[in-house]
Amino acid sequence: MDDQQRMLDIWQNIFKTTVTSESDFFDDLEGDSMAAAAIVHWVKIVFGVQIPMVEVFDQPTPAELTAYVDTVRSAPAK
């Protein structure tokens with residue numbers, strides 16, 4: 001399963017609806033701080049990286065958040 005599909009699965013499980021990668025925006029899905037916290041939690045479990053919760057709001061589609069997570073994962077360890 002590719003990263004994009006894993007992110008879609010996270011969003012679909014949280015929002016309990018079908019989500020598309022490019023066109024479903026966090027706010028349009030009535031996302032709130034609890035949903036953002038859940039996404040951050042599942043990103044940590046599924047992708048193995050901790051992201052700031054604000055990134056869910058700054059990268060408001062599954063595609064954008066996947067790209068951000070990929071960038072974090074490929075960054076050199078500090």
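Filtering region 11-28 to residues that are assigned to a helix (DSSP H, G or I), among the hydrophobic types (A, V, I, L, M, F, W, C) and over 10 Å from the mean Cα position of the chain (by Cα) leaves ILE14, PHE15. The requirement of being in contact (Cβ under 8 Å) with a residue 60 or more places away in the chain, out of contact with any Ser or Thr (no Cβ under 8 Å at 6 or more places or on another chain) and among the charged types (D, E, K, R) is not satisfied by ASP58. The requirement of being of a type outside the set (Phe, Trp, Tyr), open to solvent by less than 90 Å² (accessible area, probe 1.4 Å), closer than 12 Å to THR61 by Cα and under 12 Å from the mean Cα position of the chain (by Cα) is satisfied by LEU8.
Is it fair to say ALA38 is buried (at least 17 other Cβ atoms within 10 Å of the Cβ), small (Gly, Ala, Ser) and part of a helix (DSSP H, G or I)?
It is true that ALA38 is buried (at least 17 other Cβ atoms within 10 Å of the Cβ), small (Gly, Ala, Ser) and part of a helix (DSSP H, G or I).
Just to verify a result, which residue in region 60-78, among those that are in a helix (DSSP H, G or I) and β-branched (Val, Ile, Thr), is most open to solvent (accessible area, probe 1.4 Å)? So that I can check it myself, show each step before the final result.
The initial filter retains those residues of region 60-78 that are in a helix (DSSP H, G or I), namely 62-74.
Subset that is β-branched (Val, Ile, Thr): 66, 69, 71-72.
Working: THR66: 7, VAL69: 0, THR71: 87, VAL72: 47 Å².
The qualifying residue most open to solvent (accessible area, probe 1.4 Å) is THR71.
Among what's in region 11-34 and is of a type outside the set (Ser, Thr, Tyr) and over 21 Å from ILE45 (Cβ atoms), pick the residue that is most open to solvent (accessible area, probe 1.4 Å). Only one residue fits best here, namely GLU30. Scanning region 41-59 for residues that are open to solvent by 30 Å² or more (accessible area, probe 1.4 Å) and not in a helix (DSSP H, G or I) returns GLY48, GLN50, PRO52, MET53, GLN59. If you go through region 7-63 and keep only what is touching a Pro at 6+ places or on another chain (Cβ under 7 Å) and among the small types (Gly, Ala, Ser), you end up with just SER21.
The values are calculated or read from the model by the stated rules, or taken from the named source; none is laboratory data. Keep in mind that what you see is a predicted model, and the values were worked out from it rather than measured. Note that each Cβ is placed from the backbone with ideal geometry, even for glycine, and that neighbours are counted across all protein chains shown. These area figures cover heavy atoms from the full protein model, side chains too; ligands, DNA and RNA do not enter into them. Shrake-Rupley method; radii C 1.70, N 1.55, O 1.52, S 1.80 Å.
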